[in-house]
Amino acid sequence: MDPVNLGTYAQNTWCPGCGNFAILNAAKAALSSLAQEGTPLENVVLVSGIGCHAKIVDYINANSFYSIHGRVVPAAEGIKLARPNLKVIGFAGDGDAYGEGMEHLIFAAKRNIDITMIIHNNRVYGLTTGQYTPTSPLGFRGRSTPLGTSELPINPLELMLSSGATFIARGTSHGLELLKKIFKEAILHKGFALVDVLQVCVTYYNMYQYYDKRAYELKDHDYTDYYKAMDKIREWDYNADKPIALGTFYKKELPAFEDRLPKFEKTVQDREARLKEVLNEYV
Amino acid sequence: MPDVSVLIAGQAGFGIDKSGLIIARIFNQLGYRLYVYRDYPSLIRGGHTFSIIRAAQGKVGTHKDKIDFLLALNQDAVDLHKERLKEGSRIIYDADTVKAQGTGVNAAKIIKEENASEIMRNTCIIGSFCKTAGIDWQILENVLKRNISREIDVNLKVASRGYNAVDKISGIERLKQEPLPVVTGNEAMGLGLISAGLKAYISYPMTPTSPVLHSLAGLSKDFSLKVIHPENEISVILMALGFSYAGERVAVGTSGGGFCLMTEGFSFAGMSELPLVVILGQRPGPSTGLPTYSAQTELNFALSAGQGEFSRLVVAPADAEEAYYWSGACLNMAWKYQTPVIILSDKNMGEGAYSFDINSMPAVKEEGPAYWDGKDAYKRYLNTETGVSPLAFAPLKGNVVKINSYEHDELGITTEEPGLSKTMQDKRLRKGKYLEKELENYPTVNVYGDSGAATAVICWGSNKGVCVEAAKELGMKVIQPAVLWPLPLQKVKDAIGQSKTLICVESNATAQLSGLLMCYGIKTDKQILKYDGRPFSLEELQEQLKDCSSIK
């Protein structure tokens, strides 16, 4: 399938040069490739939050759930629990996933529920016109912090690893090929997968050059080793001027939440009769 | 007419709740109709907790102030409830720990001799109560066997020692009626949802609806239910919307505080037209308030929760039978009209136990929504005459299902275009009109007593039981709207008929139903309001209604 066929009639309203285009193109390419390899597109549901990132579901001709701010994860979990045969892919911004809805991310990782979260981490609020986010560096001057922030950023990958996520990776919007590869791997991973994409907001926080200078692709990294993964994840803390590793930090096969849930017979043969029996137990 | 009230009291942790249910089931075996009121503080051990079991010939839904038997497991039980005693009342107490006049049994001693755990003092007291009241041992034995799974032999031994240690004082009449299930409102809501095809229940624990979560979790195997307890109420409602999107009938349960967290998701359900049922169990606020007590304070909240304007259904069942019926009906309505629905419960209805006659209400069966016929390309928000778009769920070969929290077009793609925005808002609101029309065929307003009565009492939810009984003797009629939104205005007006005086009875401080009626030009002459967390007793409401009868 040609990625172009995945488009819709919705007019794209991202700024020219927006890092979201890379995510959109990589996602389309990954979905096309998965479709060719036996994951039909109709089995995919895309979930997004609110923010520039979220428009991605309008631009892809696939099942979608355009959720509310911070609430991509629980919606994705609900869809997955209701229909485990669906591939559920969540797109969320950094304000969305790491700010408003952080608790859901921690719990989804803890459950190891089989969904994929792709974070459009531009480290700034775009759609609300330029405020700091949970991953903005210390001293970030935004419209709500004109004198600079007074708090350190969180390292979301460190948090995800310690919460139980079984697939953790990072990409940038200047690395389409790597993004495609990571997205596919993340989607195929059985368990909770998170991909942090250093996606550049050209209007409010243009970090293309900064990332280009510091980013490098992980080589000979043992992603099955928790401690080695943690070391690599901690190399750059989203604040200090350090090399920024890209690729898969951690990957582990563990039972997913839906596999651990009790399994029941598919249908209740005679609901009415069983209800009467249950009521009889209350006599 | 036989009418017996038994109060059992002690500390939390004494098994008072379970004992109350066992006593209710003993009366049930004797052919009585039951109502159990449960009163307990917000703690795990200690404090003072009690249950009042009322057993009568006919249907009951309220307790009386005066009691016939007081079963005391500690001194507080006697000291705090002595006002409830009347001539002929009998105290049955643990003589080892309580000073009282009446029937004492050395429960603590018996427990020790039988090597039984301390909680079994209540089994001993129940044994003594049955003997005192002239109830056959065989009935007690059967009820205990059905209701106690752990250490039943020791329990039976302890009960028989309690039974044999005391004398028969009175003889409880045996009635010629078949026993009925004794079901709490919470259990009935769960069963009603199941009757209409519930597939998943998602909830974060909160009094007074946690028992819905517990009972459905217990039934999950029987009905292939997915019962999930996520990290908070925000997750609860969003997960539920995920289930709904995927085509699985789902409900959530909470109380006011939890529903505050859910309101953004509730509004999202309105915009995205995802079917959703919310059980909202009321308790006194503001904020944490009186967490284990009851109130009717969330009517205005239920009517207006969520930003924006969207159609909704708000139903307040009054007892276990209505709870069963309306929960099923609400689930059907949520799916037929793809709209959020609130079942407005309260602690007294939810945790109160009632005799349950499934035949007292119309049968509930799963009713399907309009499904996509597969002919034309699928449009999730197809603009139809009724506003209801045919439903379909992923995966659909060659078609997509897109839902959206933004204003959107028929396919579900975001729009900010003014004409389309208005069209889609009209479409969503139009569903409400058709929902309202369908409701005309439902028992949305119940009327009790003489329809020609000059005075009408209007109430909602759990107050029905006390109102119906209190009004009967005073020759008043009772009007109880079970559906509060869309308000069944014509039926309410018809029910009021020629009545000259309208008295509103509510468990809140601001007369919320009265206020709603006022919006439609129906003015109540008097409001009887109670907002101390406790239910009206029969005597209390009768007194207040008598005071009103002079109003002209």
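Coordinate-derived values only; no laboratory data. Bear in mind the structure is a predicted one, so any value in this text is a computation, not a measurement. Glycine also receives a Cβ, built like all others from the backbone with ideal geometry; neighbour counts cover every protein chain displayed.
I'd like the Kirkwood hydrodynamic radius of the stretch A:176-244, using the inverse of the mean 1/r over distinct C-alpha pairs, in Å.
Every distinct Cα pair counted, the radius reaches 14.0 Å.
I'd like the Karplus ³J(HN,Hα) series for the stretch B:286-302: coefficients 6.51, -1.76, 1.60, θ = phi - 60°, whole numbers in Hz, and an x wherever there's a Gly or Pro.
Residue by residue, the stretch B:286-302 yields x, 6, 5, x, 10, x, 9, 10, 10, 6, 10, 9, 9, 5, 4, 4, 4 Hz.
With all distinct Cα pairs included, what does the Kirkwood hydrodynamic radius of the stretch B:2-70 come out to in Å, to one decimal, could you say?
Hydrodynamic radius (Kirkwood, Cα only) of the stretch B:2-70 equals 12.1 Å.
Suppose every K and R has +1 on its Cβ and every D and E has -1 on its Cβ; what is the size of the dipole of the stretch B:3-164 about the Cα centre, in Debye to the nearest 20?
The calculated dipole for the stretch B:3-164 is roughly 320 debye.
Using the beta-carbon distance between A:Lys228 and A:Arg260 and R0 = 41 Å, what value does 1/(1 + (r/R0)^6) give for FRET efficiency, to the nearest 0.05?
About 0.90, to the nearest 0.05.
Would you mind ranking B:Lys523, B:Lys402 by Cβ crowding within 10 Å, fewest neighbours first?
B:Lys523, B:Lys402
Could you tell me the calculated FRET efficiency between B:Lys500 and B:Thr288, based on Cβ-Cβ distance and R0 = 56 angstrom, to the nearest 0.05?
0.85
Given N residues in the stretch B:182-360, what is Rg(Cα) / (2.2 N^0.38 Å)?
Here the answer is 0.91, to two decimals.
Applying a 10 Å radius around every beta-carbon, put B:300-310, A:79-89 in order of their mean neighbour count, most first.
Highest-to-lowest ranking by the protection proxy: A:79-89, B:300-310.
Starting at 0 and stepping by 10 Å, how many percent of the alpha carbon pairs of the protein assembly as shown end up in each bin?
Final binned percentages: 2, 13, 20, 20, 17, 13, 9, 5, 1, 0.
Once you average over the residues of A:96-104, how many Cβ atoms of partner chains fall within 10 Å of each Cβ?
Other-chain Cβ atoms within 10 Å of each residue's Cβ, averaged: 2.
Please work out whether the stretch B:462-516 counts as rounded, prolate or oblate from its C-alpha gyration tensor, where a ≥ b ≥ c are the square roots of the eigenvalues and a/c under 1.5 means rounded, while otherwise a/b larger than b/c means prolate and anything else oblate?
oblate
Work out how far the C-alpha atoms of the stretch B:1-137 reach from end to end along every principal axis, then list the three figures in whole Å, largest first.
That works out to 41, 35, 26 Å along the principal axes.
With r defined as the distance between the Cβ atoms of B:Lys18 and B:Glu83 and R0 fixed at 25 Å, what FRET efficiency is calculated, to the nearest 0.05?
Working from the Cβ atoms, E equals 0.45.
Report the charge-dipole magnitude of the stretch A:147-265 in Debye, nearest 20, computed about the Cα centre from +1 at each Lys and Arg Cβ and -1 at each Asp and Glu Cβ.
Rounded to the nearest 20 debye, it is 200 debye.
So if I take the alpha carbon set of the stretch B:238-327, get Rg, then get Rh from the Kirkwood formula, what is the Rg over Rh ratio?
Looking at the stretch B:238-327, the ratio lands at 0.96.
In nm, what is the difference between 0.36 nm times the number of residues separating B:Gln75 and B:Glu178 and their Cα-Cα distance?
Extending this stretch completely gives an extra 33.4 nm.
Taking the beta-carbon count within 10 Å as an exposure proxy, list B:Trp485, B:Trp137 from fewest neighbours to most.
B:Trp137, B:Trp485
Whole-Å semi-axes of the stretch B:171-282's equivalent ellipsoid, largest first, each the root of 5 times a Cα gyration tensor eigenvalue?
So the three semi-axes of the stretch B:171-282 are 30, 16, 12 Å.
Sort largest first and round to whole Å: the equivalent ellipsoid semi-axes of chain B, each the square root of five times a Cα gyration tensor eigenvalue.
Taking √(5λ) for each Cα gyration eigenvalue gives 45, 27, 19 Å.
Along the charge dipole of the protein assembly as shown, which of B:Ala246, B:Leu180, B:Cys548 sits closest to the positive end, that is, farthest toward it, with unit charges on the beta carbon of Lys, Arg, Asp and Glu (+1, +1, -1, -1)?
Most positive-ward Cα: B:Leu180.
Around B:Asn446, which amide H atoms from residues at least 5 apart in sequence, or from another chain, sit under 5 Å from its own amide H, with H modelled in the peptide plane?
B:Gln480, B:Ala482
Across the stretch B:472-552, what fraction of all alpha-carbon pairs, as a whole percent, falls in each successive 10 Å bin from zero upward?
Taking all Cα pairs of the stretch B:472-552, the binned fractions are 16, 51, 31, 2 percent.
For B:Ile458, which sequence-distant residues (separation of 5 or more, or a different chain) have an amide H within less than 5 Å of its own amide H, given hydrogens modelled in the peptide plane?
It is B:Ile479, B:Ile503, B:Cys504, B:Val505, by chain and number.
Using the Cα gyration tensor of the stretch A:47-117, with a ≥ b ≥ c the square roots of its eigenvalues, what is the shape: rounded (a/c below 1.5), prolate (a/b larger than b/c) or oblate (neither)?
It comes out oblate by the Cα gyration axes.
Rounded, prolate or oblate: pick one for the stretch A:148-216, where a ≥ b ≥ c are the square roots of the eigenvalues of its C-alpha gyration tensor, a/c under 1.5 means rounded, and failing that, prolate if a/b is larger than b/c, else oblate.
Note, shape of the stretch A:148-216 comes out oblate.
Shielding of A:80-90 by partners, i.e. mean partner chain Cβ atoms within 10 Å per residue?
4
Of B:Leu7, B:Val236, B:Phe310, which is farthest on the positive side of the dipole of chain B, counting Cα position, with +1 on Lys and Arg Cβ, -1 on Asp and Glu Cβ, and the Cα centre as origin?
Final value for the positive-end residue is B:Leu7.
Could you work out the mean count of beta carbons from other protein chains within 10 Å of each residue's beta carbon in A:38-49?
Across A:38-49, the average partner-chain Cβ count within 10 Å equals 3.
Let me check I've understood the local charge: for B:Lys365, count other residues with C-beta under 11 angstrom from its C-beta, Lys and Arg +1, Asp and Glu -1. What total comes out?
Local net charge: -2.
What Kirkwood hydrodynamic radius, in Å, does chain A give when the mean of 1/r is taken over all pairs of distinct Cα atoms and then inverted?
19.6
With only alpha-carbon atoms in the gyration tensor, what are the semi-axes of the equivalent ellipsoid for the stretch B:490-535, in Å, largest first?
Gyration-tensor ellipsoid for the stretch B:490-535: 21, 11, 9 Å.
Given Cα pairs under 8 Å that are at least 6 residues apart, what percent is the relative contact order of the stretch B:445-548?
Here the relative contact order equals 30 percent.
If you count, for each residue, the other Cβ atoms within 10 Å and average over each peptide, how do A:42-53, B:44-55, B:434-445 line up from highest to lowest?
Final packing ranking: A:42-53, B:44-55, B:434-445.
Using the crude model of +1 on Lys and Arg Cβ and -1 on Asp and Glu Cβ, and no other charge, please compute the dipole size for the stretch B:135-258 relative to its Cα centre, in debye to 20.
200
Most exposed first by the Cβ proxy, i.e. fewest other Cβ within 10 Å, how do B:Phe69, A:Phe257 rank?
In increasing order of surrounding Cβ atoms, one gets A:Phe257, B:Phe69.
Among B:Cys130, B:Ile119, B:Thr103, flag the residue with its Cα farthest along the positive direction of the charge dipole of the stretch B:3-164, charges on Cβ as +1 for Lys/Arg and -1 for Asp/Glu.
Farthest towards the positive pole: B:Cys130.
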